[in-house]
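Written below as structure tokens is the structure these notes are about.
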Amino acid sequence: MVQYQSTRGYEEKISFEDVILSGLAPDKGLYLPDSLTIDNLNHLSEEDLSYEDFVKTIFIALDKNSAKYVEDLSIYSGFESSPTPTLKEVKENKYVMELFHGPTKSFKDYALQPLGAIADRRLGEIGEKGMVIVATSGDTGSAAIQAVKNSKNIDIVVLHPHNKVSEYQRRQMTEVIQDNVLNIAIEGSYDDCQKIVKKLLQSNSFNRKVVSLNSINWLRVMGQTAYYVWLTKQFSSPINIAIPSGNFGNAYSAWFGRDNGLSINEIFCASNVNDVLTRFISTGKLEPKETIPSVAP
């Protein structure tokens with residue numbers, strides 16, 4: 001059985017059922033699977049399967065205990081058409097994988113739609129009401145709202161930096177009029193929003209099951225790894241991948257897939273003007289600077 005343990009060494013291990021609703025571990029680490037029994041993902045076949053059913057086989061390969069949650073569950077209900085990614089050749093041997101065909105036009109729909117559906121089912125199973133608290137620079141918030149806005153068991157609160165998200169994303173978040181959806185603009189940067197969320201997740205003074213839909217939730221990685229499995233199936237030889245990167249959940253998902261058998265050579269991580277990680281990797285110094293508003297912060 002796959003168990004999950006904190007990256008910072010906290011000894012207590014938790015099950016898939018627990019990791020669904022988890023945020024940070026008690027020692028502020030992230031939960032990762034500690035099992036060496038994960039199937040080689042390169043051996044999975046998409047033959048005769050829809051993309052949704054293929055993703056379900058990937059979830060089950062990563063943890064067989066996920067089967068009872070995904071097998072008969074609609075995990076892409078927010079998509080108006082097939083969630084199959086679109087692959088377009090832009091130059092010879094250079095392709096773009098389009099992941100903007102979900103309800104919010106963000107790649108995060110691909111991980112958050114399954115996570116929202118699975119979390120809702122788990123809460124119904126244990127008879128509890130959950131609260132989702134999300135920090136966002138724009139795309140996570142709107143995708144998280146779309147993932148749970150019709151949930152019977154989840155309320156969601158989203159924190160975004162005031163005047164530092166695109167107008168399109170702001171409207172996506174603030175114009176969903178549902179009793180279980182609340183969006184709050186915070187004076188400051190995305191990092192300020194994230195600090196508040198981490199503090200709330202740790203203190204949990206709500207007397208409710210608090211659920212994380214940020215990348216600290218392992219199911220986000222499962223959902224994102226799935227499209228890298230699909231991607232490698234479209235080519236007969238190993239590929240390189242370039243990824244626009246913020247908090248690195250997406251890049252980590254590609255790395256995790258490669259570590260578990262996917263035919264991926266190099267992973268290139270691209271940054272924009274808010275380049276704290278680029279500067280950290282280049283210089284070894286972690287120096288926050290003022291966030292500069294951009295199309296993709």
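Observations
- Trypsin sites (Lys or Arg not before Pro) restricted to segment 119-165 and DSSP loop, no more than 11 other C-beta within 10 Å: Lys152
- Segment 232-275: relative contact order in percent, alpha carbon pairs under 8 Å with at least 6 residues between: 51 percent
- The residues of segment 75-119 have, on average, 49 Å² of accessible surface per residue, using a 1.4 Å probe with all protein chains present.
- Net charge in the neighbourhood of Val276 (other residues with Cβ under 13 Å of its Cβ; Lys, Arg +1, Asp, Glu -1) is -1.
- Looking at segment 115-223, the chymotrypsin sites (Phe, Trp or Tyr not before Pro) that sit in a DSSP loop and have at most 14 other Cβ atoms within 10 Å of their own Cβ are Phe206.
- Taking a Cβ cut-off of under 15 Å around Lys68, the surrounding Lys, Arg, Asp and Glu residues balance to a net charge of -3, with basic ones at +1 and acidic ones at -1.
- Each part reduced to its alpha carbon centroid, segment 11-61 and segment 224-241 end up 18 Å apart.
- Considering only Gly78, Gly116, Gly124, the Gaussian network model of the chain with Cα springs below 10 Å gives its largest mean-square fluctuation to Gly124.
- Whole-number percent relative contact order across segment 146-297, with pairs defined as alpha carbons under 8 Å at least 6 apart: 18 percent
- Local charge for Gly78 was computed over the other residues whose Cβ lies under 10 Å away, with Lys and Arg +1 and Asp and Glu -1, and equals -1.
- Entry note, the chain: the mean residue ellipticity at 222 nm calculated from DSSP H runs of n ≥ 4, each adding -39500 (n - 2.57), is -10500 deg cm²/dmol after division by the residues and rounding to the nearest 500.
- Loop-located GluC sites (Glu not before Pro) across segment 74-142 with a Cβ neighbour count of 11 or fewer within 10 Å are Glu80, Glu92, with loop assigned by DSSP.
- Rg/Rh for the chain stands at 0.94; both radii use Cα atoms, and Rh follows the Kirkwood definition.
The values are calculated or read from the model by the stated rules, or taken from the named source; none is laboratory data. Predicted, not measured: the structure shown is a model, and the values here were computed from it. Every residue, glycine among them, receives a Cβ derived from its backbone with ideal geometry; neighbour counts consider all protein chains shown. Areas reflect the complete protein model, heavy atoms only, side chains present, ligands, DNA and RNA absent. Shrake-Rupley method; radii C 1.70, N 1.55, O 1.52, S 1.80 Å.
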